[in-house]
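Data block below; observations after.
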Amino acid sequence: MSTLRTARAVAHSNIALCKYWGKRASDPPSLNLPATGSLSLTLDALWTETEVAPAAQDRFELDGAVHADDAARKVFAQLDRLWRAAGHGGARPAAAVRSVNHLPTAAGLASSASGFAALTLAGMAAMGGAMERGPLSALARQGSGSAARSLWGGFVRLDRGVRPDGEDCVARPLFPANHWDVRLLVVQTTSGKKAIGSTAGMERSRTTSPYYAAWVDGSDADLDRAQQALAARDLATLGAVVEHSCFKMHACMLASQPPFSYWNGTTLEVVRALWAAREAGLAGYATIDAGPHVKVLCEAATAPALAKRLGELPGVVAVQTCAPGPDASHEVLS
Ligand code: PMV
């Protein structure tokens with residue numbers, strides 16, 4: 001089949017409990033191989049829906065607005081990659097990509113994980129290629145590292161692998177969503193424009209931060225400890241690893257030259273209030289990505305009290321409570 005069908009996919013966003021930060025050497029660099037493995041929780045309340053359909057010319061619509069920018073270029077580069085991976089030769093047929101992000105509006109929350117996972121599933125289904133999740137995860141990774149993890153629900157691990165072709169750098173599900181009824185509170189703080197994109201931030205950390213080597217060296221041990229704690233549903237042990245992974249990553253950024261940070265003042269206030277709440281018996285553990293929001297891992301029973309407490313802090317815009325989310329899914333429409 002050298003034409004496109006119409007296919008639609010839904011993929012849920014994920015938050016890394018053990019972080020990916022930094023890329024290892026790869027040839028070509030577009031393989032996008034991580035220097036550290038990562039372990040994530042897929043979220044029920046945040047997702048992207050994407051449709052890929054035949055069209056007279058390439059067109060990318062996101063949340064109702066047509067884009068002809070860098071975001072659009074990345075989307076079509078991903079479709080080109082999928083076309084080759086599906087075994088087709090020649091030029092890829094033009095496609096209309098329509099994507100809707102079901103993420104809190106204007107929150108500045110990364111949508112690249114759910115976005116590239118949904119695009120990869122819908123695109124491959126539209127092209128009639130193989131829908132095996134492992135290889136699709138490797139393809140999603142080339143759009144965005146975190147997207148490799150969003151093909152599955154529940155708890156997902158992505159090892160960094162050692163092969164230069166990246167074929168051993170594929171995510172896999174560890175435990176399904178119903179393994180453990182935890183919550184992840186997304187504590188949104190006011191955000192401006194991101195100081196530095198994640199790829200540039202990773203490169204600056206790798207090339208200038210004296211802490212980078214230590215960060216990479218410790219990552220496999222963090223992953224294994226986190227996986228064991230997850231298997232035992234041991235929140236205190238898992239939470240300690242989650243915070244250690246997060247703060248090592250952010251320390252690495254602060255020690256870069258020139259230094260940078262994605263935090264604002266409220267980010268730190270939320271972390272301090274969370275630590276105080278923990279002292280007082282309300283256990284939650286923080287993680288922060290390439291943005292100013294704080295994500296808090298806690299038991300379901302603790303979530304309402306913790307969400308209320310953190311939501312009352314000055315500078316906190318909203319708190320959204322997420323539970324473990326489902327696998328990504330797709331359907332071929334015509
Ligand atoms: O996948 P990217 O390029 O958006 O990078 C993700 C980096 C972090 O969100 C900070 C960590 C992670 O593992 O998701």
| task | Lys and Arg at +1, Asp and Glu at -1: add these up for the other residues within a Cβ distance under 10 Å of ARG206 and post the number. | result | +2
| field | In degrees, nearest ten, helix 70-85 long axis to first principal axis of the chain (Cα) | value | 60 degrees
| request: Would you mind checking which residues have amide H under 5 Å from ASP44's amide H? H placed 1.01 Å from N; only 5 or more apart, or other chain. | output: ALA323, GLY325
| field | Lys, Arg +1 and Asp, Glu -1 on Cβ, resulting dipole of the chain about Cα centre, debye, nearest 20 | value | 320 debye
| query | Tell me, in nm to one decimal, what length is gained between THR199 and ALA231 on full extension, where the rule is 0.36 nm per residue of separation less the Cα-Cα distance? | reply | 8.3 nm
| Is the stretch 182-322 best put as rounded, prolate or oblate by its Cα gyration tensor, with a ≥ b ≥ c the root eigenvalues, rounded for a/c under 1.5, and otherwise prolate when a/b is larger than b/c, oblate when not? | oblate
| Nearest-20 debye value, the stretch 44-161 charge dipole, Cβ charges on Lys, Arg, Asp, Glu | 420 debye
| remark: Rg from C-alpha atoms of the stretch 7-178, normalised by the globular rule of thumb 2.2 N^0.38 Å, equals 0.97
| task | Would you look at the GNM of the chain, springs on alpha carbons closer than 10 Å, and say which of GLY64, GLY128, GLY218 moves the most? | result | GLY64
| note | The pairs in LYS194/LYS295; LYS23/LYS248; LYS74/LYS248; LYS193/LYS308; LYS74/LYS194 lying past 21 Å Cα-Cα in this model are LYS74/LYS248; LYS193/LYS308
| field | HIS67-SER30 pseudo-label distance in nm [points 7 Å out on the Cα-to-Cβ vector] | value | 1.8 nm
| Got a sec? Charge dipole of the chain, +1 on Cβ for Lys and Arg, -1 for Asp and Glu; which of LEU136, THR267, ALA232 is way out at the positive end? | THR267
| query | What is the calculated FRET efficiency for THR3 to ARG133, with r their C-beta to C-beta distance and R₀ = 30 Å, to the nearest 0.05? | reply | 0.75
| query | Taking other Cβ within 10 Å of each residue's Cβ, how do TRP83, TRP152, TRP263 sort, fewest first? | reply | TRP263, TRP83, TRP152
| query | Ranking SER2, SER13, SER144, SER112 by Cβ neighbours within 10 Å, fewest first, what do you get? | reply | SER2, SER112, SER144, SER13
| remark: FRET efficiency for HIS179 and GLU49 from the Cβ-Cβ distance with R0 = 22 Å, rounded to 0.05, comes out at 0.30
| Charge context of GLY123, other residues only, Cβ under 13 angstrom, K/R +1, D/E -1 | +4
| In the stretch 182-322, with Lys and Arg counted as +1 and Asp and Glu as -1 at Cβ, which of these residues, ALA305, VAL242, VAL317, has the Cα nearest the positive end of the dipole, that is, farthest along it? | VAL317
| request: Mind telling me which of THR207, THR189, THR321 comes out most flexible in a GNM of the chain, alpha-carbon contacts under 10 Å? | output: THR207
| said: Given a Förster distance of 25 Å, report the FRET efficiency between ARG172 and ALA240 from their Cβ-Cβ distance, rounded to the nearest 0.05. | reply: 0.55
| message | Which residue, ALA94, VAL156, PHE116, has the largest displacement toward the positive end of the dipole of the stretch 91-217 when charges sit on each Cβ (Lys, Arg +1; Asp, Glu -1)? | response | ALA94
| task | Quick one: which residues, 5+ away or cross-chain, put their amide H under 5 Å from the amide H of GLY153? H built at 1.01 Å from N. | result | ASP327, ALA328
| request: Give the whole-number value, in cubic angstrom per residue, of the convex hull volume spanned by the C-alpha atoms of the stretch 62-128. | output: 91 Å³
| request: Pull out a ≥ b ≥ c, the square roots of the eigenvalues of the alpha-carbon gyration tensor of the stretch 19-65, then state rounded if a/c is under 1.5, prolate if not and a/b is larger than b/c, and oblate in the remaining case. | output: oblate
| Using unit Cβ charges (K, R positive; D, E negative) and no other charged atoms, how large, in debye to the nearest 20, is the dipole of the stretch 156-220 about its Cα centre? | 360 debye
| field | Folded to 0 to 90 degrees: helix 212-231 orientation relative to the chain principal axis, Cα | value | 90 degrees
| task | For the stretch 81-99 and the stretch 174-200, compute the distance between their C-alpha centroids and round to whole Å. | result | 30 Å
| query | Most mobile of SER99, SER150, SER114 per a Gaussian network model of the chain (Cα springs, under 10 Å)? | reply | SER99
| Got the relative contact order for the chain handy, in percent, Cα pairs under 8 Å and 6 or more residues apart? | 25 percent
| note | Amide H contacts under 5 Å for LEU33, restricted to residues at least 5 apart in sequence or on another chain and with H modeled in the peptide plane, are ARG24
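Tell me the volume per residue, in Å³, of the convex hull enclosing the alpha carbons of the chain.
For the chain, the hull spanned by Cα atoms encloses 126 Å³ per residue.
Read the figures in this text as sums done on the coordinates, not as results from a lab. Everything numeric here is computed off the predicted structure, so don't read it as measured data. Neighbour counts are summed over all protein chains in view; Cβ atoms, including those assigned to glycine, are modelled from backbone coordinates with ideal geometry.
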